[in-house]
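Have a look at the structure below before the remarks.
The values are calculated or read from the model by the stated rules, or taken from the named source; none is laboratory data. These numbers were taken from a predicted model, which means no experiment stands behind them. Backbone-built Cβ (ideal geometry, glycine too); neighbour counts: all protein chains shown. When the accessible area is computed, the model is the full protein with side chains, heavy atoms only, and any ligands, DNA or RNA have been set aside. Shrake-Rupley method; radii C 1.70, N 1.55, O 1.52, S 1.80 Å.
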Amino acid sequence: MFAQLARRAVRPAATAAARRQFADAAPAAGLMKLNFNLPQETLYDAVNVKSVVVPGATGEYEVTADHVPIVAEMKAGMLTINHEDGEEEKYFVAGGFSLTHEGSTTDIVCPEAVKLDDIDAAAVTKNFEAAKAKAASAEAGSIEAAEAMIEVETNKAMGNALGLAMA
Amino acid sequence: MTTPTTFWRLAGVSYVQYVTKATSCLRAALKEPAKSKAMTQETFSYNKSVWSNGEQGAKKLTDSLAAVGK
C-alpha cells in the first residue's frame, strides 16, 4: 500500500518537471542575461553578464543574478555593464525602461545609448547655458518652459557624466 | 487619472514627447561621426496624396503637416 502511495506521489512531480522544459535556458550560475535594445539596433541579445548598473528615475541600482523582478523608468544617466571577464562598459542613456524578470533576465530598452567618448563637452556646456536662458525666459508652466527644462536636465546629466561642473 | 507629478506631465507633455526631446538633446551634443549617424534617426517626412472617386492620387513628398491641408 505504501509503495502505491509513493508511486502516485512521484508521478505528478515528473510530469511537472517535463512541462517546465519549455522555458528558456537559465543563464550560467552567478551571471544574468542581458537584452539591451534600441529601436534602431540591438546592442546585446541574451548575453551573460555579471551585473548591470541602471540609472533609475527614483535612484541608481545594480542588477545581478537572481535579482527581484523590477520595472524601472530610467533617467538620463550612465548605464554600466559589468561583463563576465571583468570588463566594465559604460553607455549614456537619455531615458527608457529597464525590466528585470524572474530567472535573471533583464531587458533594457531606450531610444538612444552612446559611449561617453562620442559626447562633445563644448556642445554640452553651450546647449546647457542656452537651455537655462530659455527656461528662465519662458512662461511658467508652458510647453516651452517644459521643453527647456528637459534640455536643461539632459545636458546637466551629460555634463555630470563627463565630469564637468554643471550649475 | 492620478494627479500628475512630473513637471512635463503638468505642462501637458506626454512621456513619449519627453523622452524624444531628451534623446534629441543627446544627439545634438554628439561628436562626428556618431552625430551624423544618430541624426538619421531624427529625420522624417510626409507623403501627401489626394483621394477622388475612391481612387488614391499620386503621392507627393511634403515638408510639414501644416502644408498638407492647402
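Note on A:105-118: average number of Cβ atoms from other chains within 10 Å of each residue's Cβ is 3.
Can you check what the net charge comes to around A:N48, using other residues whose Cβ is under 10 Å from the Cβ of A:N48 (Lys, Arg +1; Asp, Glu -1)?
Every neighbour counted, the sum reads +1.
Annotation note: chymotrypsin sites (Phe, Trp or Tyr not before Pro) in region B:25-70 located in DSSP loop regions with a Cβ neighbour count of at most 13 within 10 Å are B:F44.
Using a 10 Å cut-off around each Cβ of peptide A:146-152, what is the average number of partner chain Cβ atoms that fall inside?
Values: counts 11, 7, 1, 5, 12, 5, 1.
Across the residues of A:146-152, the mean count of other-chain Cβ atoms within 10 Å is 6.
Taken residue by residue and averaged, Cβ atoms of other chains lying within 10 Å of the Cβ of B:10-21 number 5.
Considering only DSSP states other than H, G, I, E and B, which GluC sites (Glu not before Pro) in region A:104-167 qualify as loop sites with at most 12 other Cβ atoms within 10 Å? Show your work: numbers first, answer last.
Numbers: sites: A:E112, A:E129, A:E139, A:E144, A:E147, A:E151, A:E153; in loops: A:E112, A:E139.
Of the GluC sites (Glu not before Pro), the ones in loops of region A:104-167 whose Cβ has at most 12 other Cβ atoms within 10 Å are A:E139.
Helix A:143-162 axis versus longest C-alpha principal axis of chain A: approximately 70°, rounded to the nearest ten.
GluC sites (Glu not before Pro) within region A:58-99: which are DSSP loop residues with at most 14 other Cβ atoms inside 10 Å? Don't skip to the answer; put the middle values down first.
On the way: sites: A:E60, A:E62, A:E73, A:E84, A:E87, A:E88, A:E89; in loops: A:E84, A:E87.
Within region A:58-99, the qualifying GluC sites (Glu not before Pro) (loop, at most 14 other Cβ atoms within 10 Å) are A:E84, A:E87.
When a/c is below 1.5 the answer is rounded, else prolate if a/b is larger than b/c, else oblate, so apply that to the protein assembly as shown with a ≥ b ≥ c taken from the square roots of the Cα gyration tensor eigenvalues. The shape class here is prolate. Going by accessible surface with a 1.4 Å probe and the largest first, A:H67, A:H101 read A:H101, A:H67.
Annotation for region A:46-90 versus region B:14-70: alpha-carbon center distance of 32 Å.
Please give the charge dipole size of chain A, origin at the Cα centre, charges +1 on K and R Cβ atoms and -1 on D and E Cβ atoms. Round to the nearest 20 debye.
Working: 14 positive and 24 negative charges, 233 e Å.
Here chain A has a charge dipole of around 1120 debye.
In whole angstrom, how long is each semi-axis of the equivalent ellipsoid of region A:32-87, when you take the square root of 5 times every eigenvalue of its Cα gyration tensor and sort them from largest down?
Values: eigenvalues 59, 46, 25 Å².
For region A:32-87, the ellipsoid semi-axes come out as 17, 15, 11 Å.
Dipole orientation for the protein assembly as shown: of the candidates A:I81, A:S142, B:W51, B:W51 has the Cα lying most toward the positive pole (charges on Cβ; Lys, Arg +1; Asp, Glu -1). Per-residue ellipticity at 222 nm, computed for chain A from helices alone with -39500 (n - 2.57) per DSSP H run of at least four residues, works out to -11500 deg cm²/dmol.
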